[in-house]
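Contents: one structure, followed by commentary.
The values are calculated or read from the model by the stated rules, or taken from the named source; none is laboratory data. Note that the structure is predicted; figures quoted are calculated from it, not measured. Here the Cβ positions follow ideal geometry from the backbone for every residue, glycine too, while neighbour counts run over all protein chains shown.
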Amino acid sequence: MKIIAKRRRIENKTNYTKRRRLLEGKKPRLVIRKTNKYITIQIIESKVAQDKVISGVNSKDLLNYGWPADKSGSLKSLAAAYLSGILFGKIAKTNKDAILDMGLIRNTKGSRIYAALKGVVDSGFKVRHGASILPSIELINKENSKEFFDKVKANILGGKK
């Protein structure tokens, strides 16, 4: 087991100390990950270190809610992360209380991870966080997405696809 644990840590896949602390919390984890193209948000429950995904959203799902196809390269922006968080909160009907799991992503104030967290919190989830680390709505909406940001948000909240 130590050989595997050491290998996964060297490959920057798992921080076992952080994972053990999250599992000791006994709450579902709100897992937010960013890739080169998308933001992924999931609720994961763990029983005896066996993870089970309860619900999840990818920022690619925003294309179904009015995000322009020609702007699909910006599905990892602050606006897309925030709207993905709102969409996740709308889809995930259970487990409204969770612990944030950022994985090995650096803790940077106002980052895409915290924009997604702001969307999740604005949609009704209870996740422990500091309010000063979240980006403001002006910063989220400041990007070149002003023309369709409000439309996509209204479609998500209204349930239109």
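Ser145 passes all but one of (1) of a type outside the set (Phe, Trp, Tyr); (2) under 19 Å from Phe88 (Cβ atoms); (3) modelled with pLDDT of 85 or more; (4) more than 14 Å from the chain's Cα centre (by Cα); which number fails?
Evaluating Ser145 over (1) of a type outside the set (Phe, Trp, Tyr); (2) under 19 Å from Phe88 (Cβ atoms); (3) modelled with pLDDT of 85 or more; (4) more than 14 Å from the chain's Cα centre (by Cα) leaves (3) as the failure.
Can you work out which of the residues in the range 18-27 that are surrounded by 13 or more Cβ atoms within 10 Å (Cβ to Cβ) and without any contact (Cβ under 8 Å) to a residue 40 or more places away in the chain is farthest from Asn107 (Cα to Cα)?
Leu23
Return yes when Lys93 is out of contact with any Lys or Arg (no Cβ under 9 Å at 6 or more places or on another chain) and in a loop (DSSP other than H, G, I, E, B) and no when it is not.
yes
Could you please tell me which pairs satisfy a Cβ distance under 8 Å, a separation of 6+ or placement on different chains, a first residue in the range 28-50 that is under 17 Å from Leu87 (Cα atoms), and a second residue that is aromatic (Phe, Trp, Tyr) and surrounded by 15 or more Cβ atoms within 10 Å (Cβ to Cβ)?
Leu30/Phe125; Ile41/Phe88
Of all the residues that make up the range 1-28, how many are part of a helix (DSSP H, G or I) and either at pLDDT 75 or above or of a type in the set (A, V, I, L, M) (or both)?
Residues flagged as part of a helix (DSSP H, G or I) and either at pLDDT 75 or above or of a type in the set (A, V, I, L, M) (or both) within the range 1-28 amount to 7.
Would you pick out the residues in the range 97-131 that are among the β-branched types (Val, Ile, Thr) and at pLDDT 90 or above?
Ile113, Val120, Val121
Working carefully through the options Arg128, Arg112, Arg106, find the one that is over 21 Å from Asn155 (Cα atoms), basic (Lys, Arg) and in contact (Cβ under 8 Å) with a residue 60 or more places away in the chain.
The unique qualifying residue is Arg112.
Could you please give the count of residues in the range 29-52 that are at pLDDT 90 or above and over 22 Å from Phe149 (Cα atoms)?
4
Under 6 Å between Cβ atoms, at least 6 apart or on separate chains: pull out the pairs that start in the range 135-158 with a residue that is among the hydroxyl-bearing types (Ser, Thr, Tyr) and end on any residue that is surrounded by 13 or more Cβ atoms within 10 Å (Cβ to Cβ) and at pLDDT 80 or above.
Listed by first residue and then by second, the contacts come to Ser145/Ala79.
Quick one: which residue in Ile86, Ile32 is within 15 Å of Arg112 (Cα to Cα) and not in a strand (DSSP E or B)?
The unique qualifying residue is Ile86.
Where residues in the range 102-126 are touching a strand residue (DSSP E or B) at 6+ places or on another chain (Cβ under 8 Å) and within 16 Å of Leu87 (Cα to Cα), which of them is surrounded by the fewest Cβ atoms within 10 Å (Cβ to Cβ)?
Of everything passing the filter in the range 102-126, Lys126 is surrounded by the fewest Cβ atoms within 10 Å (Cβ to Cβ).
Filter the range 97-142 for residues that are assigned to a helix (DSSP H, G or I) and of a type in the set (Ser, Thr, Tyr) and give the result.
Scanning the range 97-142 gives Tyr114, Ser132.
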